[in-house]
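Enquirer: Before I ask anything, here is the structure I am working with.
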Amino acid sequence: MTAELTKDYEPSDDEPFMNDRQKEYFRRKLLDWKEDILRETRETISHLQEDTSHHPDLTDRASSETERSLELRARDRQRKLVNKINSALKRLEDGSYGYCEETGEPIGLKRLSARPIATLSIEAQEAHERREKVYRDD
């Protein structure tokens, strides 16, 4: 069952948290984001396959290799992001999406709209980052 959404629908605190309309809104947002990433990846692969230019000049070759390396690193980050999107889609299916993994409390619509793959509330995320900083400073 999918909820009907209008193009201008925005989740609101005036409606029940993670109702069918909100779930559908975030599902579409995640799927659109994933499709954009996959499209960019296909374009990168195509570009890398086409760019078989041989640069006799060492500077041109180094520049080309640096660009290729940066592009591949960006795609690797996006591959990891696709995994997080897939996890968020699974949480939508099992009913745990939108709830903090540590506290079980709602994450909040503003945070989810800004970061649809969020798994922690702002408070839990800040506490997590403080703990990381303490361990990093040791």
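Enquirer: Among Ser96, Ser113, Ser87, Ser69, which is farther than 30 Å from Tyr25 by Cβ and small (Gly, Ala, Ser)?
Expert: The conditions single out Ser69.
Enquirer: Select from the range 112-130 the residues that are without any contact (Cβ under 8 Å) to a residue 12 or more places away in the chain and surrounded by 17 or more Cβ atoms within 10 Å (Cβ to Cβ) and write down the one among them that is nearest to the chain's Cα centre (by Cα).
Expert: Among those that are without any contact (Cβ under 8 Å) to a residue 12 or more places away in the chain and surrounded by 17 or more Cβ atoms within 10 Å (Cβ to Cβ), it is Ala118.
Enquirer: On the given criteria, is Leu31 at pLDDT 95 or above, touching a helix residue (DSSP H, G or I) at 6+ places or on another chain (Cβ under 6 Å), at negative phi and outside any loop (DSSP other than H, G, I, E, B)?
Expert: No, not satisfied.
Enquirer: Could you grab me the full set of residues in the range 69-81 that are closer than 19 Å to Glu35 by Cβ, without any contact (Cβ under 8 Å) to a residue 40 or more places away in the chain and polar (S, T, N, Q)?
Expert: none
Enquirer: Specify the residue that is farthest from Val82 (Cα to Cα); the eligible residues are those in the range 100-111 that are in contact (Cβ under 8 Å) with a residue 24 or more places away in the chain and not in a loop (DSSP other than H, G, I, E, B).
Expert: Pro106
Enquirer: Hey, another quick one. Lys84: part of a helix (DSSP H, G or I), touching a residue at least 12 places away in the same chain (Cβ under 8 Å) and open to solvent by 90 Å² or more (accessible area, probe 1.4 Å), yes or no? Please lay out each step first, then the result.
Expert: Values: part of a helix (DSSP H, G or I): yes; touching a residue at least 12 places away in the same chain (Cβ under 8 Å): yes; open to solvent by 90 Å² or more (accessible area, probe 1.4 Å): yes.
Taking the combined requirement at face value, the residue satisfies it.
The values are calculated or read from the model by the stated rules, or taken from the named source; none is laboratory data. None of the values given here were measured: they were computed from a predicted structure. When we count neighbours, we look across all protein chains shown, and the Cβ atoms used for this are built from the backbone with ideal geometry, even at glycine. Side chains included, ligands, DNA and RNA excluded: accessible areas come from the protein's heavy atoms. Shrake-Rupley method; radii C 1.70, N 1.55, O 1.52, S 1.80 Å.
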